[in-house]
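Right, one structure below, let's go through it.
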Amino acid sequence: DVKVTQSSRYLVKRTGEKVFLECVQDMDHENMFWYRQDPGLGLRLIYFSYDVKMKEKGDIPEGYSVSREKKERFSLILESASTNQTSMYLCASRSSGSGTDTQYFGPGTRLTVL
Amino acid sequence: SQQGEEDPQALSIQEGENATMNCSYKTSINNLQWYRQNSGRGLVHLILIRSNEREKHSGRLRVTLDTSKKSSSLLITASRAADTASYFCAPLRYGGSQGNLIFGKGTKLSVKP
């Protein structure tokens, strides 16, 4: 079974702190994604990566950065957390192989910024 | 990237009834996927239908795809309380950032025992 794990289920941080959200997948997937989910807004894509050291902006990258130093790990970084970044963060991975378009999600990290 | 839009936003039914959710999208696609999300959890893949398919079944799930109308529907038959969740569609078109799955706001299904 594909497994996508996220470092924390719940996280509370203070405004201005640097926050790292870690995501690890165990299926050698090339593609990894970070979404945030807010009531009434659905899931929005923050950043994605097609390969190691490669990153692309999604729809709402402002205030975030990412790092992909190893294939299995994709980190989301909030350089200076703000209260409007309080949200549920979901990581996902997907293979690039033909006919393997299923995306696998982690359990989510609920981040509260005070 | 293209997004699917689910309809209705919320649906409340009794256990044993069928639940139908709809999805519309705007451009051509290679396939369309449906996902389910239990409250406060990650999304789980349910079913994928390719652009050259019109209907697909998986257990109590039936998905249809009408590429001429750019729409899809998900039918859950004989619903159970455990089906209570949010359901999302995700159209996919290959190629660059088009190959990203973009999710809408989902349909929140409540199945009452």
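Tabulated results
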{"quantity": "Cβ-based net charge around residue B:8, under 15 Å, with every Lys or Arg adding one and every Asp or Glu removing one", "calculated": "-2"}
{"quantity": "Among A:60, A:21, A:81 - extreme Cα towards positive end, dipole of region A:4-113, charges at beta-carbon", "calculated": "A:81"}
{"quantity": "Distance-filtered residues of region A:51-86 - backbone nitrogen under 14 Å, label point 7 angstrom along residue A:15 Cα→Cβ", "calculated": "A:80-86"}
{"quantity": "Aspartates and glutamates whose Cα lies under 13 Å from that of residue B:105, excluding same-chain neighbours fewer than 8 positions away", "calculated": "A:38, B:5, B:6, B:7"}
{"quantity": "Gaussian network model of chain B, springs between alpha carbon atoms under 10 Å - residue of B:69, B:56, B:26 with greatest fluctuation", "calculated": "B:69"}
{"quantity": "Dipole of region B:5-112, positive direction: furthest Cα of B:100, B:58, B:90, with charges on the beta-carbon", "calculated": "B:100"}
{"quantity": "Portion, in percent, of the accessible area of chain B that falls on carbon or sulfur, probe 1.4 Å", "calculated": "46 percent"}
{"quantity": "Accessible area of residue A:22 in the full protein assembly, 1.4 Å probe (Å², nearest 10)", "calculated": "50 Å²"}
{"quantity": "With every protein chain in place, region A:4-113: carbon and sulfur % of accessible area (1.4 Å)", "calculated": "49 percent"}
{"quantity": "Pairwise label distance in nanometres, residue B:7 with residue B:112, each label 7 Å out on the Cα-Cβ vector", "calculated": "2.5 nm"}
{"quantity": "Accessible surface, per residue, of region B:50-113 when the full set of protein chains is kept, probe 1.4 Å, Å²", "calculated": "46 Å²"}
{"quantity": "Summed buried accessible area for A+B [probe radius 1.4 Å, Å², rounded to 100]", "calculated": "1700 Å²"}
{"quantity": "Total charge dipole magnitude, the protein assembly as shown, about the Cα centre, Cβ charges on Lys, Arg, Asp, Glu only, Debye to nearest 20", "calculated": "160 debye"}
{"quantity": "Surface per residue (accessible, 1.4 Å probe) for region A:4-113, Å²", "calculated": "45 Å²"}
{"quantity": "Delta accessible area of at least 10 Å² on complex formation, residues of region B:32-53, 1.4 Å probe, chain isolated as reference", "calculated": "B:33, B:35, B:37, B:40, B:41, B:42, B:43, B:45, B:48, B:50"}
{"quantity": "Alpha carbon centroid spacing (whole Å) that separates region B:63-81 from region B:45-60", "calculated": "9 Å"}
{"quantity": "Top positive-direction residue, dipole computed over chain A with Cβ charges, set A:107, A:8, A:95", "calculated": "A:8"}
{"quantity": "Test item: Cα-centred dipole of chain B, Lys/Arg +1 and Asp/Glu -1 on Cβ, debye", "calculated": "180 debye"}
{"quantity": "Exposure of residue B:29 as accessible area (Å², to 10), given a probe of 1.4 Å and all protein chains", "calculated": "20 Å²"}
{"quantity": "Among A:77, A:60, A:46, residue whose mean-square fluctuation peaks in a GNM of chain A (springs only between Cα atoms under 10 Å)", "calculated": "A:60"}
{"quantity": "Qualifying lysines (Cα of each under 20 Å from Cα of residue A:3; at least 8 residues distant if same chain)", "calculated": "A:70, A:71"}
{"quantity": "Simple Cβ-charge dipole of chain A, Lys/Arg +1 and Asp/Glu -1, about Cα centre, in debye nearest 20", "calculated": "340 debye"}
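The values are calculated or read from the model by the stated rules, or taken from the named source; none is laboratory data. Being a predicted model, the structure only gives us computed values, none of them experimental. Every residue, glycine among them, receives a Cβ derived from its backbone with ideal geometry; neighbour counts consider all protein chains shown. Accessible surface areas use protein heavy atoms only, side chains included; no ligands, DNA or RNA. Shrake-Rupley method; radii C 1.70, N 1.55, O 1.52, S 1.80 Å.
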